[in-house]
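The values are calculated or read from the model by the stated rules, or taken from the named source; none is laboratory data. Computed from a predicted model, the values in this text were never measured in an experiment. Cβ placement follows ideal geometry from the backbone for every residue including glycine, while neighbour counts extend to all protein chains displayed. Only protein heavy atoms, including side chains, enter the accessible area calculation; ligands, DNA and RNA are left aside. Shrake-Rupley method; radii C 1.70, N 1.55, O 1.52, S 1.80 Å.
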Amino acid sequence: MALISADNTFGLLAVLMLVVVAAIYAERSRIGSALSATLMIMAGTIVLSNSGLIPYAAPIYKVISSVLVPLAIPLLLLRADLNRVFKETGPMLVAFLLATGVTIAGAFAGAAVMDLGEAEAQISGILAASYIGGSLNFVSTAQAVGFENSDLYVAALSADTLGAVVFLMLLMALPLLRFVRDGMPSEYLGNDGNKTTFSDQLVQTAPLSLQGLATGIAISAVICGVSKAIVSALGIDSIFILTVTVLTLLVANFAKPLVAQVSGEFEIGTFFMYLFFGVIAAGADIAAVIDVALPMLMFIVVMLGVHMVLLVAFGSLLKLDLAEVMVASN
């Protein structure tokens with residue numbers, strides 16, 4: 001049992017926020033800027049959960065995932081220029097198709113190397129789907145292929161969670177490798193290896209104001225509320241995030257006078273996402289994965305390894321932007 005219980009909401013929230021704040025401060029150092037706040041947050045919470053200080057699951061984690069993440073999406077997209085999005089759809093689509101293709105190739109390689117037992121085809125498909133479309137894909141694909149063994153299901157989820165943490169850490173480390181930067185130069189990332197950190201971007205934004213911050217959060221809440229009503233009326237809850245994204249882009253591009261009243265949206269949206277990254281890592285039970293799901297975890301390691309190698313190779317060959325490739329991969 002964790003030192004801070006799952007029902008100790010304020011205690012857990014305090015720990016998560018302290019980890020986030022510490023990472024933001026650490027990111028301003030030379031070593032911290034190379035690692036990135038995201039990487040340090042995930043490393044911090046996975047250590048805390050696996051050392052028994054905080055639990056792997058708690059109600060506050062679900063609140064952050066189900067409430068703060070949807071609220072963060074409009075806050076981070078309110079400045080999106082649709083004209084620029086249309087112009088960049090081509091390269092990003094190529095990058096996404098590449099990332100999907102190399103994930104499938106990695107799944108075939110993982111299945112060839114690891115023996116996952118009688119359910120190998122199901123497990124391979126489910127894990128590949130998860131790394132292409134996220135947790136919703138995991139659940140949907142498991143239902144589609146009739147994957148109902150509860151022990152294997154929990155093991156696969158545990159391996160998937162830990163693998164996601166490893167994947168994000170590897171992805172964040174790509175800009176630190178000179179041969180990767182040279183092969184895929186980016187207009188968004190510094191070519192000297194020192195990325196523009198979130199902290200740097202925060203300093204460059206407009207000064208905070210209570211009115212601007214309240215307006216941004218209110219717009220985000222309205223967008224999420226309308227989106228929830230739409231998906232509930234349609235009976236398709238799975239498109240909630242997609243609906244939030246579409247409505248946000250409409251507001252961002254067709255209600256620019258309203259958006260001009262907003263300030264501080266990037267800061268609060270980034271903070272919400274930082275908490276989410278911490279929650280993702282906190283849910284990774286290393287002991288359970290090693291004990292029950294080691295073959296699945298090794299499958300994921302092979303799949304991710306092939307994914308990363310082929311992504312860099314073909315990304316360089318196709319002259320893609322490193323930042324766009326990283327986003328598409330994620």
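Treating only the Cβ atoms of Lys and Arg (+1) and Asp and Glu (-1) as charged, compute the dipole magnitude of the chain about its Cα centre; round to the nearest 20 debye.
On the way: 12 positive and 21 negative charges, 187 e Å.
Computed charge dipole of the chain: roughly 900 debye.
Could you check how much of the accessible area of the chain is carbon and sulfur, as a whole percent, using a 1.4 Å probe? Don't jump to the answer; show the numbers that get you there.
On the way: 11390 of 16340 Å².
For the chain, the apolar C and S fraction of the accessible surface comes to 70 percent.
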Check your understanding: When all C-alpha to C-alpha distances in the range 43-182 are sorted into bins of 10 Å, what percent of pairs does each bin hold, rounded to whole numbers?
Key -> 9, 27, 36, 23, 5
Study note, to complete from the structure: For Lys62, counting only aspartates and glutamates whose alpha-carbon sits under 13 Å away and dropping same-chain residues fewer than eight positions off, the answer is Asp7
Practice item. Could you pull out every whole DSSP H run in the chain that spans at least 15 Å of Cα extent along its own axis and averages 0.0 or higher on the Kyte-Doolittle scale? Key: 9-26, 37-50, 82-113, 120-133, 150-173, 210-234, 240-254, 265-282, 294-317
Review point. Which whole-number percent is the relative contact order of the chain (Cα, under 8 Å, 6+ apart)?
Key: 38 percent
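How high is the FRET efficiency between Phe108 and Ile236 when r is their beta carbon distance and R₀ equals 25 Å, given to the nearest 0.05? Spell out each step's value before the answer.
Details: r = 31 Å, r/R0 = 1.26.
Calculated transfer efficiency: 0.20.
Let a ≥ b ≥ c be the square roots of the eigenvalues of the Cα gyration tensor of the range 1-67; is it rounded (a/c under 1.5), or, if not, prolate (a/b larger than b/c) or oblate? Show your work: numbers first, answer last.
Working: a/c = 2.47, a/b = 1.88, b/c = 1.31.
Judged from the Cα gyration tensor, the range 1-67 comes out prolate (a/c at least 1.5, a/b above b/c).
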Point to revise | Reachable aspartates and glutamates, given that their alpha-carbon falls under 20 Å from the alpha-carbon of Lys87 and they are not under 8 places away in the same chain | key: Glu187, Asp321, Glu324
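Average the reciprocal distances over every distinct pair of alpha-carbons in the range 282-330, invert the result, and give the Kirkwood radius in Å. Each step should come with its number before you reach the end.
Details: mean 1/r = 0.0793 Å⁻¹.
One over the average 1/r among Cα pairs gives 12.6 Å for the range 282-330.
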Study note, to complete from the structure: Measuring from its Cα centre, the range 83-156 shows a charge dipole (+1 at each Lys and Arg Cβ, -1 at each Asp and Glu Cβ) which, in debye to the nearest 20, is 560 debye
Revision key, fill the gap. Sorting Ile46, Met172, Leu297 by the position of each Cα along the dipole of the chain (Lys, Arg +1; Asp, Glu -1; all at Cβ), the one nearest the positive end of that ordering is Met172
Revision key, fill the gap. Among Ile73, Ile126, Leu258, the residue whose Cα sits farthest towards the positive end of the charge dipole of the chain, when +1 is placed on the Cβ of each Lys and Arg and -1 on the Cβ of each Asp and Glu, is Leu258
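Between rounded, prolate and oblate, where does the range 241-330 land on the alpha carbon gyration tensor, with a ≥ b ≥ c its root eigenvalues, rounded for a/c under 1.5, else prolate if a/b exceeds b/c?
Oblate shape, in that a/c is at least 1.5 and b/c is the bigger or equal ratio.
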**Study point:** Accessible surface, the range 1-102, averaged per residue in Å² (probe 1.4 Å)
**Key:** 52 Å²
Check your understanding: Mind listing P(r) for the range 12-121? All alpha-carbon pairs, 10 Å bins, whole percents.
Key -> 11, 21, 28, 33, 8
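Using a ≥ b ≥ c from the Cα gyration tensor of the range 127-167 (square roots of the eigenvalues), is it rounded, prolate or oblate, where a/c under 1.5 gives rounded and otherwise the larger of a/b and b/c decides, a/b for prolate?
oblate
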Check your understanding: So how far apart, in nm, are the two label points at Leu176 and Leu13 if each is 7 Å from Cα heading toward Cβ?
Key -> 3.3 nm
